[in-house]
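Q: Before anything else, here's the structure in question.
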């Protein structure tokens, strides 16, 4: 019997896309497009480099383990074109074939490219694992490490490498302190953590990015600075400059801002296209583009349901805090510290964070239950 339910296409199955797809699949026919056959999260890069097995348990998960994804039709490939007036997208598969998908609602959650840990290459999980192993092998012999970029990723990498590996780690930031966009109290706290972990912070250093380089691999050549300092040499240089590229090339230019992020209104809906939504890092939802972390998926799920039920006057609104928040350092030996938008923070001991937060809240509540990994 044909499925008469409205069709929702979810473009991208990262952290946010999975949450949207699994919830909408309860009442709609959901078709998802992903460049890999599993979740490979861009979160917690510091943990990914120093504690890969811990990171894998939460952030590298084949889609076959997600019980709620059983109700989602999945396509492995990349969306290459979207006709928002005709409500269709074209998917290019790894074998060279293409599929045209028609939708009643489209959710764009394709994310961004950011260094070597976030990209949109079409690959299998073995290739993703090989990429992780290559970077760790490059770091294994390094006695000196330069981390370029003072955002959450740069701070996480620098602090965790210094603490776990004992390397001589230097963090270069373009501003006066790490963690721009976070509350001043959080920035002061992070500076203290970096100092205790043995990281040397160099403020006021803006790197000259080599021509054509996207930060997609560690480098070993000297780093030059547009701010006038002498070049710096390290065994390994990790680039975390925040020069992100949104995965939005398949969309019409009219729905993108000058930097390529998807324009959205307060309901995370694309202006002029009432059945198209965007959420996560690709969405220009607020100055910090924070809908991936501030329950944006709930807003989109609610609004897709109401739009398809023809109740658009009751759409939910997305509200973003003024400052960034969340886990900066990841799970460490002394637990997980979460910083808050108003500058406060709290810490969960490791013995509580693993069973309560990751296996309890993330695996069971957010994801709806995961099957055991294959032996």
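Q: Might you check whether a residue that is within 30 Å of residue 163 (Cβ to Cβ), within 19 Å of the chain's Cα centre (by Cα), at pLDDT 90 or above and crowded, with 18+ Cβ neighbours inside 10 Å occurs anywhere in the range 3-14? Working first, answer last.
A: First, pick out the residues of the range 3-14 that are within 30 Å of residue 163 (Cβ to Cβ): 14.
Now narrow it down to the ones that are within 19 Å of the chain's Cα centre (by Cα): 14.
After this cut, where a residue has to be at pLDDT 90 or above as well, the list is 14.
Applying the additional criterion that residues be crowded, with 18+ Cβ neighbours inside 10 Å yields 14.
Yes, some residue in the range 3-14 is within 30 Å of residue 163 (Cβ to Cβ), within 19 Å of the chain's Cα centre (by Cα), at pLDDT 90 or above and crowded, with 18+ Cβ neighbours inside 10 Å.
Q: Could you tell me whether the range 114-123 includes any residue that is closer than 30 Å to residue 85 by Cα, outside any strand (DSSP E or B) and in the same structural domain as residue 292 (by TED's automatic domain parsing)?
A: No.
Q: May I ask you to say which residue of 301, 276 is touching a helix residue (DSSP H, G or I) at 6+ places or on another chain (Cβ under 7 Å) and surrounded by 18 or more Cβ atoms within 10 Å (Cβ to Cβ)?
A: Details: 276 fails: touching a helix residue (DSSP H, G or I) at 6+ places or on another chain (Cβ under 7 Å).
None of the other options fit; the residue is 301.
Q: Within the range 79-87, does at least one residue satisfy the condition of being more than 19 Å from residue 122 (Cβ to Cβ), crowded, with 17+ Cβ neighbours inside 10 Å and touching a strand residue (DSSP E or B) at 6+ places or on another chain (Cβ under 9 Å)? Give the derivation first.
A: If we filter the range 79-87 for residues that are more than 19 Å from residue 122 (Cβ to Cβ), which is where we start, we get 83-87.
So of that shortlist, the ones also crowded, with 17+ Cβ neighbours inside 10 Å come out as 84, 87.
If we keep only those that are touching a strand residue (DSSP E or B) at 6+ places or on another chain (Cβ under 9 Å) too, we end up with 84, 87.
Checked the range 79-87: at least one residue is more than 19 Å from residue 122 (Cβ to Cβ), crowded, with 17+ Cβ neighbours inside 10 Å and touching a strand residue (DSSP E or B) at 6+ places or on another chain (Cβ under 9 Å).
Residues are listed down the side, and each one gets a yes or a no for (1) in the same structural domain as residue 163 (by TED's automatic domain parsing); (2) in contact (Cβ under 8 Å) with a residue 12 or more places away in the chain; (3) outside any strand (DSSP E or B):
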| position | (1), (2), (3) |
| --- | --- |
| 48 | no, yes, yes |
| 64 | no, yes, yes |
| 70 | no, no, yes |
| 75 | no, yes, no |
| 89 | no, yes, no |
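Q: Also, quick follow-up: Please work out if residue 157 is buried (at least 21 other Cβ atoms within 10 Å of the Cβ) and farther than 23 Å from residue 213 by Cα. If you could, list the steps in order and put the result at the bottom.
A: Working: buried (at least 21 other Cβ atoms within 10 Å of the Cβ): yes; farther than 23 Å from residue 213 by Cα: no.
No: the conditions fail for residue 157.
Q: Hey, another quick one. For the list (1) within 30 Å of residue 106 (Cβ to Cβ); (2) out of contact with any helix residue (DSSP H, G or I) (no Cβ under 8 Å at 6 or more places or on another chain), I need the number of the one condition that residue 219 fails.
A: (1)
Q: Identify, by number, the condition in (1) more than 18 Å from the chain's Cα centre (by Cα); (2) modelled with pLDDT under 95; (3) within 30 Å of residue 343 (Cα to Cα); (4) surrounded by fewer than 17 Cβ atoms within 10 Å (Cβ to Cβ) that residue 200 doesn't meet.
A: Status for residue 200: all satisfied but (2).
Q: Could you tell me how many of the residues in the range 349-375 are over 26 Å from residue 26 (Cα atoms) and crowded, with 17+ Cβ neighbours inside 10 Å?
A: Qualifying residue count for the region: 2.
Q: While we're on this one: What residue, of 185, 136, is in a helix (DSSP H, G or I), over 18 Å from the mean Cα position of the chain (by Cα) and either under 28 Å from residue 301 (Cβ atoms) or at pLDDT 90 or above (or both)? Break it down stepwise before answering.
A: Numbers: 136 fails: either under 28 Å from residue 301 (Cβ atoms) or at pLDDT 90 or above (or both).
The match here is 185.
Q: Take the range 251-270 and flag every residue that is surrounded by fewer than 18 Cβ atoms within 10 Å (Cβ to Cβ) and either in a loop (DSSP other than H, G, I, E, B) or modelled with pLDDT under 95 (or both).
A: 252, 257, 258, 259, 260, 265, 266
Q: Restricting attention to the range 218-240, and to residues there that are crowded, with 20+ Cβ neighbours inside 10 Å and outside any strand (DSSP E or B), which single residue is nearest to the chain's Cα centre (by Cα)? Break it down into steps so the answer makes sense when it comes.
A: Within the range 218-240, the subset crowded, with 20+ Cβ neighbours inside 10 Å is 218, 223, 234, 236-240.
When the remaining residues are screened for being outside any strand (DSSP E or B), the result is 218, 234, 240.
Numbers: 218: 19, 234: 28, 240: 13 Å.
Filtering first and then ranking leaves 240.
Q: Could we say that residue 154 is in the same structural domain as residue 232 (by TED's automatic domain parsing), touching a strand residue (DSSP E or B) at 6+ places or on another chain (Cβ under 8 Å) and part of a loop (DSSP other than H, G, I, E, B) here?
A: Working: in the same structural domain as residue 232 (by TED's automatic domain parsing): yes; touching a strand residue (DSSP E or B) at 6+ places or on another chain (Cβ under 8 Å): yes; part of a loop (DSSP other than H, G, I, E, B): no.
Considered against the rule, which asks whether it is in the same structural domain as residue 232 (by TED's automatic domain parsing), touching a strand residue (DSSP E or B) at 6+ places or on another chain (Cβ under 8 Å) and part of a loop (DSSP other than H, G, I, E, B), residue 154 comes out as no.
Q: If you don't mind, there's one more thing I want to ask. Looking at 22, 35, can you tell me which residue is crowded, with 24+ Cβ neighbours inside 10 Å, closer than 27 Å to residue 102 by Cα, touching a strand residue (DSSP E or B) at 6+ places or on another chain (Cβ under 8 Å) and in the same structural domain as residue 283 (by TED's automatic domain parsing)? Show your work before the answer.
A: Working: 35 fails: crowded, with 24+ Cβ neighbours inside 10 Å.
The conditions single out 22.
The values are calculated or read from the model by the stated rules, or taken from the named source; none is laboratory data. Note that the structure is predicted; figures quoted are calculated from it, not measured. In this analysis, Cβ positions are derived from the backbone assuming ideal geometry, glycine residues included, and neighbour counts consider all displayed protein chains.
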